[in-house]
Amino acid sequence: MITILKNRAGPFSWPFAGLSWAGLFAVLAAFFLGLLFVRLPLSLSASLIAGIFVVLLIIAQPLFGIALALLAGPFGALEELVFGISSLDSGKVILILTLMSWLGRGLIRRRIAMPRVQLILPLMLFILTGLVSLLDAVSIISGLTELLKWLEIALIMMLVVDLGQENSLYFKEKVRRSIIGGPSITIWLVGMLLLAGLSQALIGIWQFALRGDGPEHFLVLDRFYRAYGTYEQPNPFGGFMNLSVLLVLGILIGLLISLWLCWRSRSQTENKEFGPTSGRRIFWITLLAALVTIITGLGLLFSWSRGAWLGFAAGLAAMLLFLPRKRVYGVLLVGIVISVVVIAFGAGLLPGAISARITSFTQDLTLGDVRGVDINDENYSVLERQAHWQAGLEMFGDDVLLGVGFGNFGEAYEDYALLNWPDALGHAHNYYVNLLAEVGLLGLTTYMIFWAVVMWQTINLLRVLPWPDRGSVLGLLSVWIAIAAVSYTH
């Protein structure tokens, strides 16, 4: 019938002549969607249109999906509280759509790109160890769910590298571009990541200093409430702020050094040390980076999270150590900063509330049997952590090589719970103990190998990159160190 209509001559010929089947389907889909939108409420119609628009953008450019997932990810806890859905939030949905779009583009081109990423091998070794640990696990489903998270990390790494090779002038023309003047994929991802941190920091500042109300157990200094953003808990919010401020601080240092190099050369044009960019352009971007650093730094402070503060201190020490190209100067710089902090602490120059908060953290660093210890409001959180550490170490003792199974800490906890701590948190409140409990010594070893490769690659980049690119890598290195430190208590 369609063929007959298409072949008719005259003024009443087939209006869609020349359209492919895909085009005809698109026209019909648009027609029926239009009818649907007319019948739906305005708010729902607007939401559907926005959702379709986002999906189309992700299909056209998966990099947009990665950026949007970075922005939506921190809202997962809030969405769970509002909608009661814990397994699938908007960030996860966007990430799944992005990965499907990337894989779909490869299928259409009949070429699924598997770029060479040195981190894939140690990561897959860790994933394989986790898979083997499930042979004797209580819950296979919980283990596979945990493994899926790490497989997503592997896919995201390959996706970003593939899109970088496809879109970046750095790879196409082999021309070195700085983070300020190119490549666009770097600017896009870093910008979205910092935007996510900035938005969370602004929410946290409002919660701490401006709202004047909050959960009673978040009350500090008898008048303020700990910031928690959309994470609904101060500690994960503080951890996110910690990573955000360290990354932007590294970028800020790189920009400041580039400004100094530009001033020293008295040039507003191309400078061999930091690429094709102008001093004026760097100046304005530096001001923006400084503003983001201050705001995210306040978010970190207002979280009142001792673990996040510890991670920031460790990351900052690493940043100072690797800031000079000669490591001996870095050691000297770290020594000077530590000496200044110790003197200020001893002289009482630090605010009393912050000093007390920092010194009380030493309680969390102790190990021992907490059976029979009196529980009160002051030591509850410390004893809860230690009780879960103790249960995790007992799990490890029962299977030293492979543990109780990847992702199975919560499922196995009942058999190892201390008398006063029957409720499982789902994790050991210490990721290293958690890994020993779930995947044993083999799993922890492969995990440490993975992170050793990450550190090695990052340090190698520091040796060869000029400013301001070196600043962004310096920020990344401090982030890795902070994650390693925060994993001890979270």
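The values are calculated or read from the model by the stated rules, or taken from the named source; none is laboratory data. Remember, it's a predicted structure, so these values are computed and weren't measured experimentally. Positions of Cβ are generated from backbone atoms using ideal geometry, with glycine treated the same way; all protein chains shown enter the neighbour counts. To get the accessible areas, we keep the full protein, side chains included, count just its heavy atoms, and leave off ligands, DNA and RNA. Shrake-Rupley method; radii C 1.70, N 1.55, O 1.52, S 1.80 Å.
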Got a sec? Which of Leu419, Leu477, Leu462, Leu435 is in contact with a Lys or Arg (Cβ under 9 Å, 6 or more places away or on another chain), hydrophobic (A, V, I, L, M, F, W, C) and open to solvent by less than 20 Å² (accessible area, probe 1.4 Å)?
Leu462
For segment 104-153: of the residues being among the charged types (D, E, K, R) and open to solvent by less than 100 Å² (accessible area, probe 1.4 Å), which is nearest to Gly73 (Cα to Cα)?
Glu152
Checked Trp284, Trp260 against criteria (among the aromatic types (Phe, Trp, Tyr), modelled with pLDDT under 90 and either under 23 Å from Phe322 (Cβ atoms) or under 26 Å from the mean Cα position of the chain (by Cα) (or both)); the one match is Trp260
Residues of segment 198-216 that turn out to be under 15 Å from the mean Cα position of the chain (by Cα) and either modelled with pLDDT under 85 or polar (S, T, N, Q) (or both), as a count:
2
Quick check: anything in segment 184-197 modelled with pLDDT of 90 or more, among the aromatic types (Phe, Trp, Tyr) and assigned to a helix (DSSP H, G or I)?
no
